[in-house]
Amino acid sequence: MSPGPNGGGRRTSRPDPLTSEQRRLNMSRIRGKDTKPELVVRKGLHARGLRYRLHDRKLPGTPDLVFPSRRAVLFIHGCFWHGHDCPLYKAPSTNADFWEKKVSANRQRDALHNAELGRRGWRVLSIWECAVRGRGRRPFPELMDDIQGWFAADATEGEIGGCWTNDTAANADSRAAGANQGDA
């Protein structure tokens, strides 16, 4: 894609081709649980022998996966809905004020839920959609290793994003350095 008048290789926004009724119908069909990224993570963890409970409504934020014996919960966040700083998130140009408030409220609610879970003694891991799908997705075995590594590390909070985020690049570098030291 060649650089356009708006800079970089970004596409210019265009009017929504759908009517407001069609858009409303499409948006109403978006699921909050049993999403494809969630199913991928669940399948991988189950294959590795990890057992969990799904969507415990007694806990703040209704975590996607709950590991009661480990006092740990996992949230699989959609990059769009939770405003992740990655290429999968692009703020809509139509009704921009509404979407900015919506995503901001989602992020604030996530922070409140994480804090309340922490106060209750739960450990919280957030896995971003970009870690599971898209061009920057992590190799599946690496993603599962990182989740299991988080359990073993006894960290109270953690986050796993796609391969283009700074935190994951630093983690990949530290893993590679550790692997190289093991060879010496």
Check: Which members of segment 38-80 meet the condition of being of a type in the set (Gly, Ala, Ser) and buried (at least 19 other Cβ atoms within 10 Å of the Cβ)?
Finding: 72, 78
Item checked: Every residue from segment 81-101 that is of a type outside the set (Phe, Trp, Tyr) and surrounded by 14 or more Cβ atoms within 10 Å (Cβ to Cβ) -> 82, 83, 84, 86, 87, 88, 92
Next item on the list: Tell me, yes or no, whether segment 96-107 has at least one residue that is part of a helix (DSSP H, G or I), of a type in the set (Asp, Glu) and at pLDDT below 85.
Entry: no
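Give the residues of segment 66-87 that are hydroxyl-bearing (Ser, Thr, Tyr) and either modelled with pLDDT of 95 or more or under 19 Å from residue 35 (Cβ atoms) (or both), sorted by residue number.
Within segment 66-87, no residue meets the criteria.
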Notebook entry, point to check: Looking only at segment 112-122, which residues are more than 29 Å from residue 43 (Cβ to Cβ) and either of a type in the set (A, V, I, L, M, F, W, C) or crowded, with 18+ Cβ neighbours inside 10 Å (or both)?
Noted result: 112, 115
Note to self: Out of everything in segment 44-76 that is touching a strand residue (DSSP E or B) at 6+ places or on another chain (Cβ under 6 Å) and of a type in the set (A, V, I, L, M, F, W, C), what residue ends up being nearest to residue 140 (Cα to Cα)?
What the structure shows: 76
Check: In segment 58-79, what residues are assigned to a helix (DSSP H, G or I) and either among the β-branched types (Val, Ile, Thr) or touching a residue at least 60 places away in the same chain (Cβ under 8 Å) (or both)?
Finding: 70
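To keep it simple, each residue is scored yes or no on (1) without any contact (Cβ under 8 Å) to a residue 60 or more places away in the chain; (2) outside any strand (DSSP E or B).
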residue	(1), (2)
39	yes, yes
56	yes, yes
81	yes, yes
88	no, yes
113	yes, yes
118	yes, yes
127	no, no
144	no, yes
Check: Restricting the search to segment 41-54, which residues are within 15 Å of residue 146 (Cβ to Cβ) and assigned to a helix (DSSP H, G or I)?
Finding: 41, 44, 45
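The values are calculated or read from the model by the stated rules, or taken from the named source; none is laboratory data. Just so it is clear, the model here is predicted, and its values are computed rather than measured. For neighbour counting, all protein chains shown are included, and Cβ atoms are generated from backbone atoms with ideal geometry for every residue, glycine included.
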